[in-house]
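S.K.: Here it is, the structure in full.
The values are calculated or read from the model by the stated rules, or taken from the named source; none is laboratory data. What you are looking at is a predicted structure, and each value in this text was computed from that prediction instead of being measured. Here the Cβ positions follow ideal geometry from the backbone for every residue, glycine too, while neighbour counts run over all protein chains shown. Areas reflect the complete protein model, heavy atoms only, side chains present, ligands, DNA and RNA absent. Shrake-Rupley method; radii C 1.70, N 1.55, O 1.52, S 1.80 Å.
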Amino acid sequence: WYWQKEKREPYVKFMEANYPPGFSYEDFGPLFTGEFFDPNQWADILKASGAKYVVLTSKHHEGFTLWGSKYSWNWNAVDVGPKRDLVAELAASVRNRTDLHFGLYHSLFEWFNPLFLEDATNVFKTRKFPTSKSLPELYEIVTKYQPEIIWSDGDGNAPDTYWNSTGFLAWLYNDSPVRDTVVTNDRWGVGSICTHGGFYTCSDRYNPGHLLPHKWENCMTIDKKSWGYRRNAQLDDYLPIEDLVKQLVETVSCGGNLLMNIGPTHDGRVAVIFEERLRQMGAWLKVNGEAIYGTKPWRAQNDTVTPGVWYTFSPNEGKVNAVFLNWPVSGVLELGEPQAKLGETQVKLVGYEEPLKWLALGEKGIVIALPQLTPQQLPCRWGWTLQLTDVN
C-alpha cells in the first residue's frame, strides 16, 4: 500500500535499491517460505501466554489466503510459497495441545483486486467481488475450519448491503457448523463498527479508560508501529511487559478483552522478543489470573485516590480485586473506593499467605499495610492483586 498505492518515498527507494527492476508484489509470494513454521511450537507459546483465544489472520487486504482457497487461485499458501495449509495446521495444533478457542481474521475487501476496484468505480451498485471472492471465502473457512471467532475487517468504504453481511451472519448464527459457539466482531460494512456486533472493536488500539455498556476488545500490537514483522525494528519499538500488563488490567477493568498482536516472520517463526512478551504475560497471569479471568467490571473501574489501581469483581467468590501497578515506597496503600466493614472485611495479597492489616477511612476508603518483602519474595513483578472480601 505504501509502496504501490501511496508511493511513499522511503518504500519506493527501498524497493529500487534492493530488488530487481520490475519486481512486483506478487513476486514476494515464492519468498514467503515458512520453512521454520512449527504449529506445535506456536500452540505451546500461545498456551504459555495465558490467552484464552487466538485469532489468525487468514487473509489480509492484499488477498493472499493462508489456506488453499478455491477462490484465490494461485494466490494462497498451498499453491505458492510454503505449499502448506497454514490455517489447518495451526487449528489442529491449537485444538490438540491447548484449550484456546481458535478464531480467524478475514479481510472483506482487497486493495488491488480488479473486481473490487470495478465495483468501487460503480459506487458499489455492482457486487462482482463479494459474490465471487469475499463471501465464498467466508463460507469456506467456516465450513472447513469451524473457527469460534470470526474477526472481520476492511469494509473498503462499502455498506454492509454490498457485502451481504446480514445474510452471512444469519447463516453463521443459525445454520453454520459453529452456530452454537461462534462470536463475531463489529466490522461488517460502513457504519457497523462500534454499533453492531457480538463484541465491539471501535478502532485499532482502542482503550477508552472507562466502562462501556457493550462487550468490547482492545486490539493492539506489541510492536508499537506495525501489525506485521519488521526486520528493522528497534528494541524501543516493542512495548515492555510493564506496559502490556497495564493495558491488560485497564482493558479488563472496563469490561474489555485484550487481543495482543504479534507479527511472525516470512520463514514461519515467532520472533523471540514476541515469545518473551507472551511468556511474561503468562507468568503474570499464573499469579494474578483470578483478577482477570471470569471477572466482571466493578462499580468503580480505577481508584479515585491512588493512580495506577484498577478494579475487577469476581462474582462467584464475591471478591473485589484491586490490581496496583506501583508498589508504594511507604509500604502502605491507600484505596479511596472500597467501603470496608469492621471485623468482616478481609484483605489478601494474591500469592502471599498471610492476611493483611487494614484501617477504614470514614465512610469510604481503606488503608492497607503491605508486607515488607524483598524483590525475591514478591509473588510476581509488574503489578500485584489485592483481594477484598466482605466489602460493601
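S.K.: Just to be sure I understand the filter: pairs with C-beta atoms under 6 Å, separated by 6 or more residues or on different chains, first member in the stretch 190-219 and in the same structural domain as ASN257 (by the TED database), second member of a type in the set (Lys, Arg). Which pairs pass?
M.R.: ILE193/ARG187; PHE199/LYS215
S.K.: So if I check each of ASP204, ASP186, which one is within 30 Å of ALA43 (Cβ to Cβ) and surrounded by fewer than 19 Cβ atoms within 10 Å (Cβ to Cβ)?
M.R.: ASP204
S.K.: Also: Against the conditions (1) closer than 24 Å to CYS202 by Cα; (2) buried (at least 19 other Cβ atoms within 10 Å of the Cβ); (3) touching a helix residue (DSSP H, G or I) at 6+ places or on another chain (Cβ under 7 Å), where does THR166 fall short? Just the number, please.
M.R.: Exception for THR166: condition (2).
S.K.: Residues being touching a residue at least 60 places away in the same chain (Cβ under 8 Å) and buried (at least 23 other Cβ atoms within 10 Å of the Cβ): count how many of those fall in the stretch 62-71.
M.R.: Number of matching residues: 3.
S.K.: Filter the stretch 26-52 for residues that are touching an Asp or Glu at 6+ places or on another chain (Cβ under 7 Å) and under 27 Å from LEU108 (Cα atoms); which is most open to solvent (accessible area, probe 1.4 Å)?
M.R.: That would be THR33.
S.K.: Going through the stretch 239-272 one residue at a time, which ones are in a helix (DSSP H, G or I) and either of a type in the set (Lys, Arg) or touching a residue at least 40 places away in the same chain (Cβ under 8 Å) (or both)? Steps first, answer last, please.
M.R.: Initial filter on the stretch 239-272 (in a helix (DSSP H, G or I)): 241-253, 272.
Once the filter is applied, which keeps residues that are in a helix (DSSP H, G or I) and either of a type in the set (Lys, Arg) or touching a residue at least 40 places away in the same chain (Cβ under 8 Å) (or both), the stretch 239-272 yields ILE241, GLU242, VAL245, LYS246, GLN247, LEU248, VAL249, GLU250, THR251, VAL252, SER253.
S.K.: Still on this structure, I have one more. Could you say whether any residue in the stretch 321-332 is under 34 Å from the mean Cα position of the chain (by Cα), at pLDDT below 95 and closer than 18 Å to GLU290 by Cβ?
M.R.: Looking for residues that are under 34 Å from the mean Cα position of the chain (by Cα), at pLDDT below 95 and closer than 18 Å to GLU290 by Cβ, one finds none in the stretch 321-332, hence no.
S.K.: Can you name the condition, by its number, that SER152 falls short on among (1) under 16 Å from SER58 (Cβ atoms); (2) polar (S, T, N, Q); (3) out of contact with any strand residue (DSSP E or B) (no Cβ under 9 Å at 6 or more places or on another chain)?
M.R.: (3)
S.K.: Restricted to the stretch 75-98, and to residues that are of a type in the set (Asp, Glu) and without any contact (Cβ under 8 Å) to a residue 24 or more places away in the chain, which residue is least open to solvent (accessible area, probe 1.4 Å)? Spell out how you get there, then give the answer.
M.R.: Start the filter on the stretch 75-98 by keeping residues that are of a type in the set (Asp, Glu), which leaves 79, 85, 89.
Narrowing further to those that are without any contact (Cβ under 8 Å) to a residue 24 or more places away in the chain: 79, 85.
Values: ASP79: 66, ASP85: 35 Å².
The residue in question is ASP85.
S.K.: Out of GLY282, GLY255, GLY228, GLY294, I need the residue that is open to solvent by 20 Å² or more (accessible area, probe 1.4 Å), under 16 Å from the mean Cα position of the chain (by Cα) and modelled with pLDDT of 95 or more. Which one?
M.R.: The conditions single out GLY228.
S.K.: Go through the stretch 304-332 and give me each residue that's assigned to a loop (DSSP other than H, G, I, E, B), closer than 18 Å to TRP382 by Cβ and open to solvent by less than 50 Å² (accessible area, probe 1.4 Å).
M.R.: Matches in the stretch 304-332: THR306, GLY308, LEU325, PRO328.
S.K.: How many residues does the stretch 373-392 contain that are modelled with pLDDT of 95 or more and more than 25 Å from LYS246 (Cβ to Cβ)?
M.R.: Residues in the stretch 373-392 being modelled with pLDDT of 95 or more and more than 25 Å from LYS246 (Cβ to Cβ): 1 in total.
S.K.: So, ALA51, is that one assigned to a loop (DSSP other than H, G, I, E, B) and either outside the structural domain of GLU110 (by the TED database) or not β-branched (Val, Ile, Thr) (or both) or not?
M.R.: The answer is yes for ALA51.
S.K.: Let me ask something else about it. Output the residue which, of all residues in the stretch 111-133 that are out of contact with any helix residue (DSSP H, G or I) (no Cβ under 7 Å at 6 or more places or on another chain) and of a type outside the set (Val, Ile, Thr), is most open to solvent (accessible area, probe 1.4 Å).
M.R.: The qualifying residue most open to solvent (accessible area, probe 1.4 Å) is LYS125.
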